[in-house]
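Student: I'd like to ask some things about the structure below.
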């Protein structure tokens, strides 16, 4: 080991400053697969006793509180999924937050129901909400927590099948699993605020809740 190696400080853990759950506003989208991010934010607000209210300047429903001794904001954009990044940008600009401290929670068809995946960075993977987030934050280097919703089982009319799938509600067996998944996601976020996103990744990325 060289002197340079000894002088190098270990990388600092990444702690979220803003948790964003993606979804669509309105009763017709409540509890649909595409709105799982909203459900996670609702549970975190309940756990942390955060009062959530519509904030026009943020184009979303927002509240802030504390967890793990850290101040953290919670956001549900009301811009509809395809423009989610607008709301994120508004909060970042208002509070002068670094995009790297934004943790986005959203649904992912590439993961089976019962599986979650936390990453420090990455592409949108075809998710319109994440495309908007990356465009408005000007980077894809921010953490995200993907929640598996499973893929559509219809091969024909692919685009329409995808829309019907993500905007549909979970089957009863899936809904039962999601009752365990949402608290697990909240636990992972809690840990990321106490010990950093990397620690949460190491403990939660291998977990799966079976149907």
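The values are calculated or read from the model by the stated rules, or taken from the named source; none is laboratory data. It should be emphasised that the depicted structure is a prediction, and the values quoted were computed from it without experimental measurement. Quick reminder, even Gly has a Cβ in these numbers, built from the backbone with ideal geometry, and neighbours come from all protein chains shown.
Student: Suppose we filter the stretch 114-148 for residues that are crowded, with 23+ Cβ neighbours inside 10 Å, more than 11 Å from the chain's Cα centre (by Cα) and over 21 Å from residue 192 (Cα atoms); how many remain?
Tutor: Of the residues in that region, 2 qualify.
Student: Okay, next question. Of all residues in the stretch 91-113 being in contact (Cβ under 8 Å) with a residue 60 or more places away in the chain and farther than 27 Å from residue 12 by Cα, which is surrounded by the fewest Cβ atoms within 10 Å (Cβ to Cβ)?
Tutor: Top of the filtered list is 112.
Student: Only one residue in 180, 198 is more than 20 Å from residue 35 (Cβ to Cβ), assigned to a helix (DSSP H, G or I) and at pLDDT 95 or above. Which one?
Tutor: 198 is the lone residue from the list that is more than 20 Å from residue 35 (Cβ to Cβ), assigned to a helix (DSSP H, G or I) and at pLDDT 95 or above.
Student: Further, regarding this structure: Condition test on residue 189, is it surrounded by 20 or more Cβ atoms within 10 Å (Cβ to Cβ), touching a strand residue (DSSP E or B) at 6+ places or on another chain (Cβ under 8 Å) and modelled with pLDDT under 95?
Tutor: Against the criterion (surrounded by 20 or more Cβ atoms within 10 Å (Cβ to Cβ), touching a strand residue (DSSP E or B) at 6+ places or on another chain (Cβ under 8 Å) and modelled with pLDDT under 95), residue 189 does not qualify.
Student: A further question follows. Hey, which of the strands (runs of 3 or more DSSP E) in the stretch 29-136, taking only ones fully inside, have at least 2 residues that are in contact with a strand residue (DSSP E or B) (Cβ under 6 Å, 6 or more places away or on another chain) and under 17 Å from residue 186 (Cβ atoms)?
Tutor: It comes to 60-67, 70-77, 102-108, 116-119.
Student: Tell me, yes or no, whether the stretch 9-27 has at least one residue that is part of a strand (DSSP E or B), in contact with a strand residue (DSSP E or B) (Cβ under 9 Å, 6 or more places away or on another chain) and surrounded by fewer than 17 Cβ atoms within 10 Å (Cβ to Cβ).
Tutor: No, because not a single residue in the stretch 9-27 is part of a strand (DSSP E or B), in contact with a strand residue (DSSP E or B) (Cβ under 9 Å, 6 or more places away or on another chain) and surrounded by fewer than 17 Cβ atoms within 10 Å (Cβ to Cβ).
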